[in-house]
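Chemist: One structure coming up, written as structure tokens, with questions to follow.
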Amino acid sequence: MTPDVRDRTDRPANLGRLPGEGCPIPDSSWDRALRLIGQADEVALACHVNPDGDALGSMLAVAFVLRSMGKRVVASFGDRIFAVPRLLGFLPGQEMLVPPEEYPAAPDLMIVFDCSTFERVGLLGANAASAREVIVVDHHPSNTGFGTLDLIDADAAATAMLAEQLVYRLGGRLDRDIATCLYAGLVTDTGSFRYSSTTPAVHQMAARLVATGLRTDEIARELWDRSPFGYLKVLANALERVTLEGRLVWTYVSRVDRAAYGLPYSELEGIIDIVRRADEAEVAVVLKEDDHGDWQVSTRSKGTIDVAAVCAALGGGGHHNAAGYTSYETVEETMAKFRRELRRVS
Ligand code: AMP
Ligand code: MN
Ligand code: MN
């Protein structure tokens, strides 16, 4: 007879880890968050500009719970052109989103998700500056804490892990809508459970989410397996001019490239994952021109080089292996500065 795994002496200590176990955020901080939320009639939620699955998913998951507690909830992100990326169109709860101009000017309580810096709050920065209390929920190591209360865990693979804790601590039940939002955050920030941030706690959280009956196959398809036809053409252009310079591989996509196929900016997110495949390269860069003519720079490292340090020096930030910044210069100037900073850190 096979012995029960629970009786084995070599059972990993972290089997069956509870949500938030090992989280460095003290209970006193969580308790203060619960008090602030308890006292508020209206809670204003925000996530970073150009939201990804983690930003929007974490925010919407918490929005669901707050709404079920009878709170008035507004949720938004501070982009000048307010639109949910098509890729994230499947996330439930979008009826709770309002454009920045309809956001309370001076909320009593604002909760900000997945923002490493105040700048990442974008247009809603003015609202945050006027808010009575701002709770920052984030997992970026570079986050120095710009809230009146900071719930930051730099070891968490995604802000969604902290959002899940908040859901539990608020007494919320993990239903399929909430789980879908949290799963979108977890699966995007771990690169489908491939990055080194994918700990046992990540898989255990995934198990709790999947147990609600969510369709991981449908979510994966929405996030990674579909695009408008024009994406293929834009990708072809980007790959046509991809350049390998020593240990750096890079390319760019301009507004003009996209306009030819009516392709929205948010469709470009996956290109970096193709470019970084080049075995010869340690660092991959994709410059993406947004609708304002600014360049959003996506960078990835395979391990030794800290791209967050490079990007921080250029006005952005992120994680050791995945970081970014905004450049207001030409492609050539942007790359010249990037190479200089890269040489400095490597
Ligand atoms: P992306 O390449 O857009 O997937 O971004 C990778 C990571 O870099 C994100 O998770 C953010 O932490 C960070 N990041 C991207 N763009 C910026 C920016 N403009 N400013 C600060 N951090 C950024
Ligand atoms: Mn993010
Ligand atoms: Mn994140």
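Chemist: Give me the pairs, please: first residue somewhere in region 151-171 and assigned to a helix (DSSP H, G or I), second residue anywhere and crowded, with 20+ Cβ neighbours inside 10 Å and modelled with pLDDT under 95, beta-carbon distance under 6 Å, and either six or more positions apart or on two chains.
Modeler: Cβ pairs passing all conditions: 165/20.
Chemist: Right, next: Counting just the residues of region 109-135 that are surrounded by fewer than 21 Cβ atoms within 10 Å (Cβ to Cβ) and among the acidic types (Asp, Glu), which one comes out nearest to ligand 1 (Cβ to nearest atom)?
Modeler: Filtering region 109-135 for residues that are surrounded by fewer than 21 Cβ atoms within 10 Å (Cβ to Cβ) and among the acidic types (Asp, Glu), the one nearest to ligand 1 (Cβ to nearest atom) comes out as 119.
Chemist: Every residue in region 43-80 that is over 19 Å from the mean Cα position of the chain (by Cα) and among the aliphatic types (A, V, I, L, M), please.
Modeler: Of everything in region 43-80, those that are over 19 Å from the mean Cα position of the chain (by Cα) and among the aliphatic types (A, V, I, L, M) turn out to be 43, 65, 66, 69, 73, 74.
Chemist: Cβ-Cβ below 7 Å, separation at least six or inter-chain, first residue in region 54-75 and acidic (Asp, Glu), second at pLDDT 95 or above and within 14 Å of ligand 2 (Cβ to nearest atom): which pairs?
Modeler: Once the first residue is acidic (Asp, Glu) and sits in region 54-75, its partners that are at pLDDT 95 or above and within 14 Å of ligand 2 (Cβ to nearest atom) give 54/114; 54/158; 54/159; 54/160; 54/185; 54/188; 54/189.
Chemist: All but one of (1) away from ligand 3 (no atom under 16 Å from the Cβ); (2) of a type outside the set (Phe, Trp, Tyr); (3) closer than 28 Å to residue 233 by Cβ; (4) surrounded by fewer than 21 Cβ atoms within 10 Å (Cβ to Cβ) hold for residue 276; which doesn't?
Modeler: (4)
Chemist: Need the failing condition index for residue 158 against (1) surrounded by fewer than 22 Cβ atoms within 10 Å (Cβ to Cβ); (2) within 16 Å of ligand 3 (Cβ to nearest atom); (3) not charged (D, E, K, R), just the number.
Modeler: For residue 158, the exception is condition (1).
Chemist: Run residue 293 past the list (1) surrounded by fewer than 17 Cβ atoms within 10 Å (Cβ to Cβ); (2) under 18 Å from residue 48 (Cα atoms) and report the number of the one that doesn't hold.
Modeler: That leaves (2) as the condition not met.
Chemist: Test residue 119 against the stated conditions and say whether it is modelled with pLDDT of 95 or more, among the charged types (D, E, K, R) and more than 16 Å from ligand 2 (Cβ to nearest atom).
Modeler: no
Chemist: Being within 16 Å of ligand 1 (Cβ to nearest atom), small (Gly, Ala, Ser) and surrounded by 14 or more Cβ atoms within 10 Å (Cβ to Cβ) is the requirement here; does residue 227 meet it?
Modeler: no
Chemist: For region 18-73, what are the residues that are β-branched (Val, Ile, Thr) and either over 18 Å from residue 189 (Cβ atoms) or more than 16 Å from ligand 2 (Cβ to nearest atom) (or both)?
Modeler: Correct list: 25, 37, 43, 65, 73.
Chemist: Consider only pairs whose beta carbons are under 8 Å apart and that are at least six residues apart or on different chains; among these, list those whose first residue lies in region 129-141 and is on the phi < 0 side of the Ramachandran plot and whose second residue is aromatic (Phe, Trp, Tyr) and within 16 Å of ligand 1 (Cβ to nearest atom).
Modeler: Filtered contacts from region 129-141: 134/146; 136/146; 137/113; 138/113.
Chemist: Let me ask something else. Does residue 201 satisfy being surrounded by 18 or more Cβ atoms within 10 Å (Cβ to Cβ) and assigned to a helix (DSSP H, G or I)?
Modeler: Here the answer is yes, as residue 201 does meet what is asked.
Chemist: Taking region 168-178 on its own, how many of its residues are surrounded by fewer than 24 Cβ atoms within 10 Å (Cβ to Cβ) and either under 27 Å from residue 319 (Cα atoms) or basic (Lys, Arg) (or both)?
Modeler: Count: 4.
Chemist: A follow-up question, please. Scan region 55-108 for residues that are under 17 Å from residue 266 (Cα atoms), aromatic (Phe, Trp, Tyr) and buried (at least 20 other Cβ atoms within 10 Å of the Cβ) and jot them down.
Modeler: 77
Chemist: When you scan region 316-337, how many residues do you find that are farther than 21 Å from residue 152 by Cβ and either within 11 Å of ligand 1 (Cβ to nearest atom) or among the aliphatic types (A, V, I, L, M) (or both)?
Modeler: So the count comes out to 5.
Chemist: Something else about it: Take residue 89 and decide whether it is within 18 Å of the chain's Cα centre (by Cα), within 14 Å of ligand 1 (Cβ to nearest atom) and of a type outside the set (D, E, K, R).
Modeler: Spelling it out, it is not the case that residue 89 is within 18 Å of the chain's Cα centre (by Cα), within 14 Å of ligand 1 (Cβ to nearest atom) and of a type outside the set (D, E, K, R).
Chemist: Could you please find all residues in region 172-198 being closer than 27 Å to residue 35 by Cα and not in a helix (DSSP H, G or I)?
Modeler: Correct list: 172, 173, 174, 175.
The values are calculated or read from the model by the stated rules, or taken from the named source; none is laboratory data. The structure displayed is predicted, hence computed values, not measured ones. Cβ coordinates were reconstructed from backbone atoms using ideal geometry, including for glycine residues, and neighbour counts include every protein chain displayed.
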